[in-house]
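First the structure, in the form of C-alpha cells, and then the observations on it.
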Amino acid sequence: QVQLVESGGGLVQAGGSLRLFCAASGRTFTRYNMGWFRQAPGKERDFVAALSRSGASTYYADSVKGRFTISRDNAKNTVYLQMNSLKPEDTAVYYCAADGALAIATMYWDYDYWGQGTQVTVSS
C-alpha cells in the first residue's frame with residue numbers, strides 16, 4: 001500500500017521547462033516501480049515515463065524521449081519528472097503511479113496505485 005500526491009504542475013510557455021513531484025507515503029515506496037502518465041480531456045490515459053525501484057532503469061514514451069527525465073529519491077520517497085522543451089501537446093493532467101510488479105510496465109492498467117494528478121498547461 002502506498003499513497004501518492006503529485007505537485008509542481010502549472011502554466012508554462014512552449015519551449016519552457018517544468019518539474020513535477022510525486023510524494024509517496026510509507027516505507028513500501030522502494031518496493032514499487034514508478035511511472036508517470038498523462039491524460040487530456042476526452043483522451044486515453046497515456047504512458048509518459050517509468051523507472052525501476054532503484055531508479056537505475058528508465059523507460060520513456062517516444063513522444064517525450066529526449067525532453068523528459070524521470071528520477072527518484074528513495075530517501076525522500078519522491079519521484080520527479082523533469083520536463084524540458086515543452087510543447088502544447090504536452091498539456092494534460094499528469095499522474096504519478098506505483099506498480100508492484102517485477103518489471104517496468106507502460107500500460108496504465110498494470111499500475112496499482114495512483115495520485116490525483118497535477119495539471120500541466122503549455123501555451124503556444
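Could you list, in sequence order, all residues of region 69-124 that are among the small types (Gly, Ala, Ser) and over 16 Å from PHE47 (Cβ atoms)?
Matches in region 69-124: SER71, ALA75, SER85, GLY100, SER123, SER124.
The conditions are (1) open to solvent by 20 Å² or more (accessible area, probe 1.4 Å); (2) over 16 Å from THR118 (Cβ atoms); (3) out of contact with any Lys or Arg (no Cβ under 9 Å at 6 or more places or on another chain); (4) at pLDDT 95 or above, and ARG19 fails exactly one of them. Which is it?
Here ARG19 clears every test but (2).
For region 16-48, enumerate the residues that are part of a loop (DSSP other than H, G, I, E, B) and over 21 Å from GLN3 (Cβ atoms).
GLY16, SER17, ALA40, PRO41, GLY42, LYS43, GLU44
Taking region 29-38 as the region of interest, how many residues are polar (S, T, N, Q) and open to solvent by 30 Å² or more (accessible area, probe 1.4 Å)?
1
The values are calculated or read from the model by the stated rules, or taken from the named source; none is laboratory data. Predicted model, so just to flag it, every value in this text is computed and none were measured. Counting neighbours? That spans all protein chains shown, and the Cβs are built from the backbone with ideal geometry, glycine included. When the accessible area is computed, the model is the full protein with side chains, heavy atoms only, and any ligands, DNA or RNA have been set aside. Shrake-Rupley method; radii C 1.70, N 1.55, O 1.52, S 1.80 Å.
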